[in-house]
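First comes the structure, then the notes that go with it.
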Amino acid sequence: MSPEDQRWLDAAVRYATPFLGTTGDNPCAAALVVDPSRQTLIARAVTARGGRPHAEAIALASAGLEAAGSTLYATLQPCHHWGRTPPCVDAIVRAGVMRVVVGVADPDPLAAATGLEQLQSAGIEVVLAEHAPSAALHAGHLHLRTDGRPHVTAMLVVSADDRIVSPAAGAARAVLDLQRARADAILIGAAMARHHNQQLAVAIPGLAARTPLRVVLAGAQGIDRSLNLVGRLSGYRTAVIAESRVPVDAPASVEVLRVAGLNGHPDLREVLTALGKKGLQNLLIEPGPRLAAALLQAGLIDCFGLIVSKDAANDGPPAASTGKVAKLIAAAGLVETEHQNHDTATLKFYRRPA
């Protein structure tokens, strides 16, 4: 991979990132068609809303005859099978593309298989870049195809003295809303849902429609429609996940998923597997202290975002039963990879090392 390849793949990832959460059960891939001699962009595309057509097909159609002799940059390996769309590999060959640079291989055998070999047999140069930003962009898809579960990001907003708070405005709320808009589902425990009584909607102006599936995790006491998230008509999709014998009283519009568990508490791995079977790639969890500790101890959190709100009232429960929540995150093997300072909040991201 040349320095130019690196820059174009970086650009493709930046282009695709705002569209996370919009492509349904398909990965949010980007494709750029580039003139290799002039190093200029001819066309670009992201997988369409709902997941089809794929990015490569859209970009090549937009490029038209200019695609001949071009380099195609794809954040994810192009598909070569017939599904709900024609194979992208066939479109690449027909367009006369001379070189394809792929950010990350697709572990799904249906989508990938011998696709790269097919391109090479057509005389197209293929570079598999193993591009880290592409892998991060497609972390949800990669997890789903290899582990059968979504990529899990936990977000916790705490006060300066490490108590869980619900931000009403400011930088903390903006960061949280952005994470919600890019997720396929938000999961919250029943205790936190009762405590905050919130709607889990995206509050960014113009992006309310990006509110993903809202999932309430029931405890041993069960769930009923008195809970705001379950009983109130909001216009947003809602689901409840409960252990097989726990009572759930919910309207017909609320999907109920039953999983195995113990003493009325759902098994957390089974919860993630159930969401994976629904095709969900990126799951945002806004946990309470017990759920956060259980997920961390089970090694089920891939990324943890900790927002310290500088102006929030400290009326919530402690974020950790003992000590600081940051120590609990570190003990689970996650390391700090990002630190942002805002006027009213500090944001830290912790991720599991590759």
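Which FRET efficiency, nearest 0.05, do Lys278 and Val93 yield, Cβ-Cβ r, R0 51 Å?
0.90
Ranking Asp147, Asp184 by Cβ neighbours within 10 Å, fewest first, what do you get?
Asp147, Asp184
Using a Gaussian network model of the chain with C-alpha springs under 10 Å, which one of Ser37, Ser244, Ser159 is most mobile by mean-square fluctuation?
Fluctuation is largest for Ser37.
At a Förster radius of 30 Å, what calculated FRET efficiency corresponds to the Cβ-Cβ distance of Ala354 and Glu4, to the nearest 0.05?
So, using R0 = 30 Å, E works out to roughly 0.75.
Show that you can apply the helix-only estimate: for the chain, add -39,500 (n - 2.57) for every DSSP H stretch of four or more residues, divide by all residues, and state [θ] at 222 nm to the nearest 500.
-8000 deg cm²/dmol
Which of Leu272, Leu300, Leu233 ends up with the largest GNM mean-square fluctuation for the chain, with Cα atoms connected below 10 Å?
Highest fluctuation of the listed residues: Leu233.
Could you give the radius of gyration (one decimal) and Dmax (whole number) of the Cα atoms in the chain, in Å?
21.7, 65
Given the options Leu227, Leu60, Leu213, state which has the largest fluctuation in a GNM of the chain using a 10 Å cut-off (strictly under) for Cα springs.
Top of the fluctuation ranking is Leu227.
How many lysine pairs does the chain hold where the Cα atoms are under 26 Å apart and the two sit 8 or more places apart or on different chains?
Lysine pairs satisfying the spacing and distance rule in the chain number 5.
So for Asp108, Asp161, fewest C-beta neighbours within 10 Å to most, what's the order?
Ascending Cβ contact count within 10 Å gives the list Asp161, Asp108.
Can you tell me how much longer the chain between Gln297 and Gln340 gets when fully stretched, taken as 0.36 nm per residue apart minus their C-alpha distance, in nm with one decimal?
12.9 nm
Among the DSSP beta bridges whose two residues both lie in the chain, what percent are antiparallel, rounded to the nearest 5?
Here the antiparallel bridges make up roughly 40 percent for the chain.
When a footprinting reagent is the concern and you count Cβ atoms within 10 Å, what order do Ser62, Ser253 take, fewest first?
The fewest-first ordering by Cβ neighbours comes to Ser253, Ser62.
Zone of His265 (label point 7 Å along Cα→Cβ, backbone N under 19 Å): which residues in the range 278-309?
285-301
Could you size up the charge dipole of the chain around its Cα centre, putting +1 on the beta carbon of Lys and Arg and -1 on that of Asp and Glu, and report it in debye to the nearest 20?
Its charge dipole is roughly 760 debye.
Values in this text are rule-based calculations from the coordinates and carry no lab data. Note that the coordinates shown come from a computational prediction; the quantities given were computed from them, not determined experimentally. Every residue, glycine as well, gets a Cβ built from its backbone with ideal geometry; the counts of neighbours run over all protein chains shown.
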